Structures are given as C-alpha cells and as structure tokens.
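Quick notes on the structure that follows.
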Ligand SMILES: CC(C)(COP(=O)(O)OP(=O)(O)OC[C@H]1O[C@@H](n2cnc3c(N)ncnc32)[C@H](O)[C@@H]1OP(=O)(O)O)[C@@H](O)C(=O)NCCC(=O)NCCS
C-alpha cells in the first residue's frame, strides 16, 4: 500500500462519492447520506475545493476530507467565518491504517496556512481530540439551535483566533438532506441493502 494525497479534480467526482457512500454505509443510519451531502456541497459557494483532499492507493481513491465555509453568529448579529469539516471518509478495507489522520493533519496544516480561524466538526470525540479538537462549549459556541454535545467540537487554528468570538454555529444548507432527495440520488449508485446496526445507536 502506498498512499498519496492530492486535491480532487472533476474526473474524481463519481469515484469519490461512491467511496464516501461505502465508508458511511450503515454506520450512522441504515444506508448513508454523506455522498449526497458532498454532491450538494460541491455546488455550493461555501465549498472550498482547494481543501478537498483525496487519498489514493496507487490510483484507487480510498479516502477524502472535505471543507466548507461556515460561520459563527454572535448576539450582536456579527458573523465570523470558520471552516466546517466533513465528510471525512476512508474505505472500510483501508480504515485503521492512519489514512484519516493523514488527511486531517494535511488539511489542518493547509487551513492554518491560509489563515482560517477555526475548524468546526460533528464527530466522535474519541477520534478527534487527538488532533486538538475541543468541546465547542469551551469556546461558548453552540449549534444553530443553541445546543452543545460531545460530538460538536472546535479546533482553534492558532490558539487564540477565537478570542472574543462566541455565539451560534451555522453550516452550509447542503448538510440538510431530504429523504426523498436521498432515495432519488441513491438510485444512480449500485444497489446496496440497508441494515440497522449497533453503531447507529451511539
Ligand atoms: C473515522 C475515519 C475517517 C477514520 O479514518 P481511519 O483511517 O480509519 O483512522 P486512522 O487510521 O487515522 O486512525 C485510527 C484510530 O482512530 C480510531 N477511530 C477510527 N474511527 C473512529 C471513530 N468513529 N470513533 C472513535 N475512534 C475511531 C481507531 O480506533 C484508531 O485508534 P488508535 O489509533 O487508538 O488505534 C474512518 O474510520 C471512516 O471513514 N469511518 C466511517 C465514516 C466516518 O465515521 N467518518 C467520520 C465522521 S465524523
């Protein structure tokens, strides 16, 4: 296995979406929605194509990490731009080999270089804490509807760029997926059976 990382090009779109679908299939719900989220995100002005990294094993696409612009809105209605990370995916056969970590570290480095203030994610704290992500509540940042929970995390890219910034977090509408839209989109991929699994309960 020889993993290389590069930015995505248009020719990769379909293979990447199928890979994302495979990675997320049955993990958080029966089936998956993240391939449609990515499909919609790419069309959004919030999408950051230069940060959409893919991992390849000798030409085969085995992982990706995507970013979009999002914002924190404070009580005075001021908006502060941040990056939202996701989806992050690695093909099941390639998981646990450091590829997710590689994609995260490379993209975090780029985001820092480009001067972004912070990265916001919804993900498993057991995985993301090792990369420096902390509970969003530590920064007095809540979800758009005012909630905080373990999976809602923030990485301040320079240690103090979030000083004085607090409020609610708003991601791109591409993350909202309608079931009918998803069913329709899914018909363009190979048929795949959906299952209820233990991971969906977490
Ligand atoms: C999550 C994911 C991207 C990680 O990529 P990966 O290449 O498998 O991860 P790495 O090899 O870099 O890291 C492996 C470590 O992460 C841990 N890990 C992997 N997925 C995890 C998860 N969902 N929750 C907690 N820990 C996780 C492994 O236990 C392992 O821990 P260790 O180093 O202490 O042994 C990949 O497993 C995946 O695509 N999962 C399905 C889709 C998904 O859940 N995406 C993330 C949504 S937030």
Query - Cα→Cβ-extended label distance, 7 Å offset, between residue 114 and residue 183, nm - result: 3.7
Query raised in the report: If r is the Cβ-Cβ distance from residue 3 to residue 50 and R0 is 25 Å, what FRET efficiency results, to the nearest 0.05?
Result: 0.80
**Report entry** Estimated distance in nm for a label pair at residue 10 and residue 124, the labels positioned 7 Å out from Cα along Cα-to-Cβ
**Finding:** 3.7
Report task. May I ask you to order 9-16, 192-199 by the average number of other C-beta atoms within 10 Å around their residues, highest value first? Result -> 9-16, 192-199
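As a test, work out the antiparallel percent of DSSP beta bridges whose residues both lie in the chain, rounded to the nearest 5. Walk me through the numbers on the way to the answer.
Working: 31 of 35 bridges.
Of those bridges, close to 90 percent are antiparallel.
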Query raised in the report: Based on the alpha carbon coordinates of segment 1-78, what radius of gyration and maximum Cα-Cα distance (Dmax) apply, in Å?
Result: 14.7, 52
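Run the numbers for residue 176 and residue 75: contour at 0.36 nm per residue of separation, minus the present Cα-Cα distance, in nm. Intermediate values should be presented prior to the final figure.
On the way: separation 101, 0.36 × 101 = 36.36 nm, distance 2.42 nm.
Here the segment from residue 176 to residue 75 would lengthen by 33.9 nm.
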Query raised in the report: Given the rule -39500 (n - 2.57) for each run of at least 4 DSSP H residues, summed and divided by the residues of the chain, what is its mean residue ellipticity at 222 nm, to the nearest 500 deg cm²/dmol?
Result: -7000 deg cm²/dmol
Report summary line: Row for segment 46-117, column shape: gyration tensor on C-alpha, a ≥ b ≥ c, rounded if a/c < 1.5 i.e. under 1.5, prolate if a/b over b/c, else oblate; value prolate
Report task. Treating the angle as unsigned and between 0 and 90°, give the value, to the nearest 10°, between the Cα long axis of helix 99-113 and the longest Cα principal axis of the chain. Result -> 40
Query raised in the report: Which residue fluctuates the most in the chain, going by a Gaussian network model with Cα springs under 10 Å, if the choices are 123, 31, 98?
Result: 98
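Taking all pairs of distinct Cα atoms, average 1/r, flip it, and tell me the Kirkwood hydrodynamic radius of segment 1-152 in Å to one decimal place. Each step should come with its number before you reach the end.
Details: mean 1/r = 0.0619 Å⁻¹.
Result for segment 1-152, one decimal place: 16.2 Å.
So what's segment 95-170 giving for Rg/Rh, alpha carbon basis, Kirkwood Rh from the mean inverse pair distance? Mind dumping the intermediate values first?
Details: Rg = 12.6 Å, Rh = 13.0 Å.
Using only Cα positions, Rg/Rh for segment 95-170 is 0.98.
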Query - Inter-probe distance in nm under a simple model that places probes 7 Å from Cα toward Cβ, at residue 93 and residue 196 - result: 3.1
Requested in this report: Compare 114, 24, 133 in a GNM of the chain, Cα atoms joined below 10 Å, and give the one with the largest fluctuation.
Outcome: 114
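Where a number appears in this text, it was derived from the coordinates with a stated rule and is not lab data. Every value quoted in this text rests on a predicted model; they were computed, and no experiment measured them. Every residue, glycine as well, gets a Cβ built from its backbone with ideal geometry; the counts of neighbours run over all protein chains shown.
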